[in-house]
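Taking it in order: structure first as structure tokens, then the write-up.
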Amino acid sequence: MAGTRWYWPLVWAALAFRLLLVPFADNLNLGSRPEVATPLTSLRRLAEGYWLKQSSLSPYTGSMYHGSPLLLIILGPLTVKRIESQPAHLCCSLIFVLVDFFTAMLIRAIGEKLMLTNCNNLKLLKPSKLVESFGGVDAADIASLIYLWNPFTVVTCLGSCTSPIDNLMVVLAIYGACSRIVPLAAFGWVMATHFSLYPGILVIPVLLLLGYGPDAPPPKLFPQKHSNGDGSLVHVFSWGPILQFALWVVIWSCYVLLLSSISLKGFDGLYDMLKKTLGFILTVEDLSPNIGVLWYFFAEVFEFFRGFFLIVFHVNILFMVCPLAIRLMHRPCFLAFVYITISATLKSYPSVGDAALYLSLLGLFANELAEMKFSFFLFCGYIGVSLLSPVMHNLWIWRGTGNANFYFATGLAYACLQTVLVVESVSTMLNHDRKLKKELKKT
Amino acid sequence: MEEQKPPAARKSRLIVRLGSFLVSHSAFVSVICCVAGCITLLLLPVLAKNTYVSENALMPGSANPMFSNQDVVEANRFVKDIYETGILKDGSGMEIARLIGKHMEDVGAEVYYHKFKYRNLQFHPLCFFSSIPRTAVPQNSSACTLNGVSPVGIIRAPRGDGKESIVLVTPYNSENIKLNEALSLGLAYSVFSLLSRVVWLAKDIVWLAADSRYGEYTSVASWLKDYHNPTFSSDSGKIGIEMCFEKTENHVEEQSSFDGAAYDDFKRAGTMSAALVVKVMDKERSERDRVDIYAEASNGQMPNLDLINIVHYLAVHRQGLHVRVGTFGFLLNSALLKHVGKTLQRLTRLAESLNLGWKLGVNSADFVEGTATLASSMYYQALGVPTGPHGAFRDFQIDAITMELSPRTSLTNDNGISSFLLRSGRLIEGVIRSVNNLLEKFHQSFFLYFLTAPNKFVSVGVYMIAFALLVAPLPIVAAALFSSTANARSLTTISNNKPTNSKPVTRSGSWNWLHSAKLVFLVHLWALIVSLLPYFVSQIPHTNSTTSMLSWSLSSLLILYLLTRLTKSYVEGYQWEVLKSVMIAAASIGLSLMSIINFSTAQVGSILLVPMCLMVRPLKQPIQVPIFPAALLKILNILLAVVAFPPASLAILKGCLRGFESINIGDFWEWSEFLWVWNSATYLFVALVHLPCWYLCVHILLHN
């Protein structure tokens, strides 16, 4: 296991690499790339919102800022702070480096929890074959290293956008649920939903995690081997944490709304905030190009169909929530990964920051997904698309020899890749469960 | 899974069966595809179509030219003025600029003088693909001698709204003016003065008399940069134009009449629809006056084909000029090419005799000429370096060409020159009148094309076929290699299921390619470092190209050695088949990316890269084929590995063209420096796609 020996040096190297690149962030001009910064997460817009607020206007005046007022309080003062002859958002970039580190550590903690339960479950199922089957890699280390060294994460960290914070909140929710720290889980979930709305569907995996505990082989397998009370104890849905979670969610939501309303006092208030943040996400007002598929569609669609298609596109995500929840009920963490991937594909303002999150969560299941098909194809596809997208953008915007279709084609290819990734990983996971069952039958 | 496979394979859909068929016969398919690709490439001159003016609004030649003999007389007078000023007061660049400015003002144009600072093009990392140069200009411009001054005149269109303009550029050397430059200034002046009188003008006319003391491109590029960047009156670290005049002039009474401040503020005339760079050249005589069109801008970008079309149409059908585009002369005399052309001619005759309906009509001479022109067109696009000052316009999405006009007589023959000026003036007037009719920007015709003659082109839809055929085998072979190793592995794992050694074979299953991917990644990292090294090497003082080249190659080798030593334990346990398939995947991604950035580079690169990638296999590995093909394969492999090494291929190319005694170690350094300073993506291709691919191929060849 090369991972464990090299783990900490690699982590420090990743952080040092980021710090090394931070002074050149302005030269790289990542903050204006549509792949990196979306209207929701762009730090430039946040600085604009902060400036508006300083001049006693509502930060939502015009159509510049669409983020949370809490981010404005935390990050706003940092955007105006300038150190001599340094790039504009140096302080924010340093904070994002820290945030990335925390996220990686949380992912590692989640992975360790998962491995522990996996080990216990295997012990319960087949104590004799324990050593042989548990010969995989250290998935926790791999996942956190993937998060730290993924070029997408590095670009997001340097690109002056707030996606690292969104990602941290999502990971915080999953971690809290995994380790049964209910207030933390509720806090992560509420904040993530408040920042970018789509993590709202993660309530199902969080509840499952709180109710059943972390990922396990299907519950059907357990009674076969252990009909005594020991085995069945694992899979009883516990209502206690759920009620606690609901309580904490109410508390945290009230708290967040209260803070927001305090910070927006004197302006239009909470309703305006909800309209300008959540409404902005749901109605896809900003049609500037990004790597998603919605902007192109809504730029083309007739105005009177707009409402209908808005519903169709958003229901698309909700449509998949229930079937997947039923099928993958025994693997809530994996379910969370699938939800995040699906929403990253279909959300209104996607960026590579979302991809950074779900790719590292994919690393958590390295042992289960060892037999995944098309892995090489997907790898090449991701590299190809991420290189092709800036080139097509250049061709369209700067050279004028291409057009919007060129850029949209890469967005479409990217969506296809994500779909293939979801389909393949889910089917591999189900196959893995089947194989486990077969092995158990044999013995 | 294993039990389910046979029925699933039988029932699978057509596309899956087709795919598996292609993959299973990959060797055959790749040979067919490569040969077909090369043949298509060779046939491109035959497939060329005649050009046509696509935009209806242009209406070239529908109006009678107004450019008359009176204008020619005016032009001649102006030429004489300029030339005498230049001869009399040598070294007084400002004098000519002032003279031009004065004449511009006399015809009623708004005049200002654009000053620019000459900055040597230099190595700078992170400067590729940035359309807006972000480097701040150091504003210590006290020395006027470093500045070039180009007078600019703008005629406001009587029927326009000042939001669109057409640009006319005449480069001239202010320090040492030649007669041909004076003639081009005179020509532009006469057209300019005519345009100041016409009523039909709907777009403003900008005449830039570019001071080409430091190169034509520099002055035009810096003017365009200033034109497109906002200037504020507050950032006046710069000096007024009058100071430059003061320094160079001694005539106090003249200076008092010269109000510098009025000529100092930058005037604009809206977006530019098109730009014409006009140069008069003194070339070898032919029976007709001649126009040479240069169109290639940076990174293989071309202006809209309609611009070339109207110039060609007006020059040939209205003014009776001879139009030429760049051609490789040495290919015109190539015996091999003539032979191929004759064979093609015979083949098409045969085909026509078989079926009278076919009218292919391939002419041997046309084929040779088309090939020579196509090769030149492809070469200059692939180089990615603009062929003239028009290249600066394309970076701002403005269509521009350079017209080099050369008279049939000598430049001192007054009669010949007068008729030449009349024709050229009418040509320029006609082109401007056509562009003036344009409602939007040029968009109707092609941007991606090769020229095979002034009136023949190959569009992207046709030339893409050759490239696609060449590149298509890459993914197929990668898939074939990948699936074959996967099958082999699953067979071996089934056969010996016992845990032989306790050493953890970390990733099983489909993630096996990760080991090879690590190596490929490391090699690309090395290539990235190597590609950035010239920046540091160029910082070393007192070097010539040979020492720079040597230090570059030595430092690259050192880094390679360090990288391999450091990661020795990390990169092992890969199969060469998997390594080859990962390498091929990387190469095909690189090639297809490059085909979008600069098609010609990808096309030229793929001719070398694709056979090398496809054929490579370890020399020590025995093959199950007869001895002769096996030996041939080995020899070809070694040959390609030598030829495809970038410095070696450059040396061979140079040796073939200029004789082998002219080869120098520093050649490659000079070449890459040339590419780098012009921000050519070809440099990136060579360094980041070609070089790592070549290294991996050599690695596989030496694998045991």
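General remarks:
- Pair list, Cβ < 8 Å and 6+ apart or interchain, from region B:540-552 residues that are under 16 Å from B:Ile663 (Cα atoms) and surrounded by fewer than 16 Cβ atoms within 10 Å (Cβ to Cβ) to residues that are β-branched (Val, Ile, Thr) and modelled with pLDDT under 85: B:Thr546/B:Ile665; B:Leu550/B:Ile665
- Counting only helices (runs of 4 or more DSSP H) that sit completely within region B:511-624, those holding 2 or more residues that are within 14 Å of another protein chain (Cβ to nearest Cβ) and out of contact with any strand residue (DSSP E or B) (no Cβ under 7 Å at 6 or more places or on another chain) correspond to B:514-537, B:576-597, B:599-615.
- The condition (being surrounded by fewer than 21 Cβ atoms within 10 Å (Cβ to Cβ) and modelled with pLDDT of 80 or more) is satisfied by just one residue among B:Asn250, B:Asn229, B:Asn299: B:Asn229.
- Selection status of A:Val422, crowded, with 16+ Cβ neighbours inside 10 Å, closer than 22 Å to A:Leu362 by Cβ and not small (Gly, Ala, Ser): yes
- Near pairs, Cβ below 8 angstrom, 6+ apart or cross-chain, from region A:303-328 (under 19 Å from A:Leu207 (Cα atoms)) to any residue that is of a type in the set (Ser, Thr, Tyr): A:Ile317/A:Tyr198; A:Ile317/A:Ser343; A:Val321/A:Tyr339; A:Leu324/A:Tyr339
- Single condition B:Phe67 does not satisfy, out of (1) over 30 Å from B:Gly605 (Cβ atoms); (2) modelled with pLDDT under 90; (3) assigned to a helix (DSSP H, G or I): (3)
- Residue ID - nearest to B:Phe599 (Cα to Cα), chosen from residues in region B:369-417 that are surrounded by fewer than 20 Cβ atoms within 10 Å (Cβ to Cβ) and within 14 Å of another protein chain (Cβ to nearest Cβ): B:Gln397
- Top-ranked residue in region A:394-412 [being in a helix (DSSP H, G or I), of a type outside the set (S, T, N, Q) and at the interface with chain B (Cβ under 10 Å from one of its Cβ atoms); ranked as farthest from A:Thr345 (Cα to Cα)]: A:Arg399
- Members of region B:78-111 that are at pLDDT 80 or above, surrounded by fewer than 14 Cβ atoms within 10 Å (Cβ to Cβ) and in a helix (DSSP H, G or I): B:Lys80, B:Glu84, B:Lys102, B:Asp106
- Selected residue [farther than 18 Å from B:Glu74 by Cβ, of a type in the set (S, T, N, Q), buried (at least 21 other Cβ atoms within 10 Å of the Cβ) and in contact with a Leu (Cβ under 8 Å, 6 or more places away or on another chain)] from B:Ser165, B:Ser150, B:Ser190: B:Ser150
- Test for B:Ser62: is it polar (S, T, N, Q) and either surrounded by 13 or more Cβ atoms within 10 Å (Cβ to Cβ) or modelled with pLDDT of 90 or more (or both): no
- Search result, residues across region A:276-290 that are aliphatic (A, V, I, L, M) and either farther than 15 Å from A:Glu300 by Cβ or surrounded by 16 or more Cβ atoms within 10 Å (Cβ to Cβ) (or both): A:Leu278, A:Ile281, A:Leu282, A:Val284
- One residue stands out among those in region A:425-443 that are within 20 Å of A:Leu364 (Cα to Cα) and among the charged types (D, E, K, R): the one that is surrounded by the most Cβ atoms within 10 Å (Cβ to Cβ), which is A:Asp433.
- Within region A:1-72, helices (runs of 4 or more DSSP H) holding 1 or more residues that are more than 14 Å from chain B (Cβ to nearest Cβ): A:2-21, A:43-54
- For beta carbons closer than 7 Å, sequence separation of 6+ or different chains, a first residue in region A:101-123 that is modelled with pLDDT of 90 or more and a second that is of a type in the set (D, E, K, R), the qualifying pairs are A:Arg108/A:Asp141.
- Residue check, A:Val385 more than 12 Å from chain B (Cβ to nearest Cβ) and either surrounded by fewer than 16 Cβ atoms within 10 Å (Cβ to Cβ) or of a type in the set (Val, Ile, Thr) (or both): no
- Cβ pairs under 8 Å, 6+ apart, first in region B:308-336 and surrounded by fewer than 17 Cβ atoms within 10 Å (Cβ to Cβ), second assigned to a helix (DSSP H, G or I) and of a type in the set (Lys, Arg): B:Arg318/B:Arg426; B:Gly320/B:Arg423
- If only residues of region B:290-330 that are assigned to a strand (DSSP E or B) and touching a Pro at 6+ places or on another chain (Cβ under 6 Å) are counted, the one that is nearest to B:Leu684 (Cα to Cα) is B:Val325.
- Apart from one condition, A:Pro350 fits all of (1) within 30 Å of B:Ile584 (Cβ to Cβ); (2) of a type outside the set (Phe, Trp, Tyr); (3) at pLDDT 90 or above; the exception is (1).
- So A:Thr79, is it at pLDDT 85 or above, crowded, with 21+ Cβ neighbours inside 10 Å and under 25 Å from the mean Cα position of the chain (by Cα): no
- For region A:367-377, the tally of residues that are part of a loop (DSSP other than H, G, I, E, B), more than 7 Å from chain B (Cβ to nearest Cβ) and under 26 Å from B:Ile584 (Cβ atoms) stands at 2.
- Identity of the residue in region A:395-419, more than 15 Å from A:Phe297 (Cα to Cα) and of a type in the set (Phe, Trp, Tyr), that ends up surrounded by the fewest Cβ atoms within 10 Å (Cβ to Cβ): A:Trp398
The values are calculated or read from the model by the stated rules, or taken from the named source; none is laboratory data. Note that this is a predicted model, so its numbers are computed, not measured. Ideal geometry is used to build each Cβ from the backbone, glycine not excepted, and the neighbour counts take in all protein chains shown.
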